[in-house]
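Visitor: This is the structure I want to talk about, given as structure tokens.
The values are calculated or read from the model by the stated rules, or taken from the named source; none is laboratory data. Everything numeric in this text was worked out from a predicted model, so none of it was measured. Glycine also receives a Cβ, built like all others from the backbone with ideal geometry; neighbour counts cover every protein chain displayed. When the accessible area is computed, the model is the full protein with side chains, heavy atoms only, and any ligands, DNA or RNA have been set aside. Shrake-Rupley method; radii C 1.70, N 1.55, O 1.52, S 1.80 Å.
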Amino acid sequence: MSISSSRGTDTTPITDLTPKRKIPSMCQHQPPCPTADSADREAALLVAHHPEQGWSLLCNGVLLFEDTGELLPDGRIIAPHRPVAMDVMTAA
């Protein structure tokens, strides 16, 4: 008696598990805010602000974190870009 297993090996190639979808623009006002790809993307208006969690959502889809890092709508990460500390001399 031969019992064949229903657990076959799927040989379908998996190329990308990330869903491909167009991200709609959340900015509906005029003039429109800078896009997520522009250098001044942080100038976009706030849609949601959660300081207790350390992040804000801008109308161009950028997640802005309190450490100045960013997560762009397409998944790219912008590392924190804090200003360089200047040594301050104090008078005695």
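Visitor: In the stretch 57-68, which residues are outside any strand (DSSP E or B) and either within 17 Å of ASP37 (Cβ to Cβ) or of a type in the set (Phe, Trp, Tyr) (or both)?
Guide: Those that are outside any strand (DSSP E or B) and either within 17 Å of ASP37 (Cβ to Cβ) or of a type in the set (Phe, Trp, Tyr) (or both): CYS59, ASN60, GLY61, VAL62.
Visitor: Let me ask something else. For the stretch 40-56, what are the residues that are in a helix (DSSP H, G or I) and open to solvent by 80 Å² or more (accessible area, probe 1.4 Å)? So that I can check it myself, show each step before the final result.
Guide: Let us first name the residues in the stretch 40-56 that are in a helix (DSSP H, G or I), namely 41-43.
Across the stretch 40-56, the qualifying residue is only GLU42.
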